[in-house]
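Worksheet for the structure shown next.
The values are calculated or read from the model by the stated rules, or taken from the named source; none is laboratory data. Values in this document were obtained by computation on a predicted structure and should not be read as measured data. Ideal geometry is used to build each Cβ from the backbone, glycine not excepted, and the neighbour counts take in all protein chains shown. Please note that ligands, DNA and RNA were not included when accessible areas were found on the heavy atoms of the full protein model with its side chains. Shrake-Rupley method; radii C 1.70, N 1.55, O 1.52, S 1.80 Å.
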Amino acid sequence: MFKNKKLYFYYKSNNINYSKIKLIKLINIIKYKNLEYIMNLLGNFKTKGAILLKEIILNAYHNFRRQIESQKQNVYIKNIRINKSISFKKLRTAPQGRANQIKKQFFKIILILNQKKNGTKGKSDIQ
């Protein structure tokens, strides 16, 4: 059905309220891995970031599966990007008539899923 075509799927999740640095540490671990391996790995972590990433990856996989009939072992994450989204600013009162500004930043995650063909070996086989 899809001969000689790259099977990329883009998924974007907006307004994630979590530390960018902590997410980057998790992303470096799971990049270029099979989906089954990633779900087992993120299931062992108990941090908020691992739970968020697991939900995002599952949603992306289900949307990918609706478009292209694929099996779980053939899908891997090709790339994950974190970009800055909106940021809220508010003022908190401080002593002596001053005000402190508080910034609350949100991020968006862009996932690129790819389907591995059945006889090829590449970076996705590394675990």
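Take the residues of segment 6-17 that are under 12 Å from the mean Cα position of the chain (by Cα) and open to solvent by less than 80 Å² (accessible area, probe 1.4 Å): which is nearest to Asn79 (Cα to Cα)? Give the steps one after another, and end with the answer.
Here is the first cut: in segment 6-17, the residues under 12 Å from the mean Cα position of the chain (by Cα) are 10-14, 16.
Restricting the remaining residues to those that are open to solvent by less than 80 Å² (accessible area, probe 1.4 Å) gives 11, 13, 16.
Details: Tyr11: 11, Ser13: 14, Ile16: 18 Å.
Once the filter is applied, the top-ranked residue is Tyr11.
Can we say Asn100 is exposed (fewer than 15 other Cβ atoms within 10 Å of the Cβ) and farther than 30 Å from Lys116 by Cα? It would help to see each step written out before you state the result.
Working: exposed (fewer than 15 other Cβ atoms within 10 Å of the Cβ): yes; farther than 30 Å from Lys116 by Cα: yes.
Answer is yes for this residue.
Would you check which residues across segment 46-62 are closer than 20 Å to Ile82 by Cα and not charged (D, E, K, R) and list them? Walk me through it before giving the result.
At the first step, the residues of segment 46-62 found to be closer than 20 Å to Ile82 by Cα are 47-61.
The answer is Thr47, Gly49, Ala50, Ile51, Leu52, Leu53, Ile56, Ile57, Leu58, Asn59, Ala60, Tyr61.
If you check Asn28, Asn59, which single one turns out to be open to solvent by 80 Å² or more (accessible area, probe 1.4 Å), closer than 18 Å to Leu113 by Cα, at pLDDT 90 or above and in a helix (DSSP H, G or I)?
Details: Asn59 fails: open to solvent by 80 Å² or more (accessible area, probe 1.4 Å).
Sole residue among the options that is open to solvent by 80 Å² or more (accessible area, probe 1.4 Å), closer than 18 Å to Leu113 by Cα, at pLDDT 90 or above and in a helix (DSSP H, G or I): Asn28.
In segment 38-56, what count of residues is obtained for those that are in contact (Cβ under 8 Å) with a residue 12 or more places away in the chain, open to solvent by 60 Å² or more (accessible area, probe 1.4 Å) and assigned to a helix (DSSP H, G or I)? I'd like the intermediate steps shown before the answer.
Within segment 38-56, the subset in contact (Cβ under 8 Å) with a residue 12 or more places away in the chain is 38-39, 41-42, 45, 47-50, 52-54, 56.
Narrowing further to those that are open to solvent by 60 Å² or more (accessible area, probe 1.4 Å): 45, 47-48, 54.
Restricting the remaining residues to those that are assigned to a helix (DSSP H, G or I) gives 48, 54.
Number satisfying all stated conditions: 2.
Identify the single condition in (1) part of a strand (DSSP E or B); (2) open to solvent by less than 50 Å² (accessible area, probe 1.4 Å); (3) modelled with pLDDT under 90 that Lys78 does not satisfy, given that it satisfies every other one.
For Lys78, the exception is condition (2).
Among the residues that make up segment 113-127, is at least one of them out of contact with any Ser or Thr (no Cβ under 7 Å at 6 or more places or on another chain), modelled with pLDDT of 80 or more and surrounded by 15 or more Cβ atoms within 10 Å (Cβ to Cβ)? Full working, then the answer.
Filtering segment 113-127 for residues out of contact with any Ser or Thr (no Cβ under 7 Å at 6 or more places or on another chain) gives 113-114, 117-127.
Right, trim to modelled with pLDDT of 80 or more and you get 113-114.
Keeping just the survivors that are surrounded by 15 or more Cβ atoms within 10 Å (Cβ to Cβ) gives 113-114.
Yes, segment 113-127 has at least one match.
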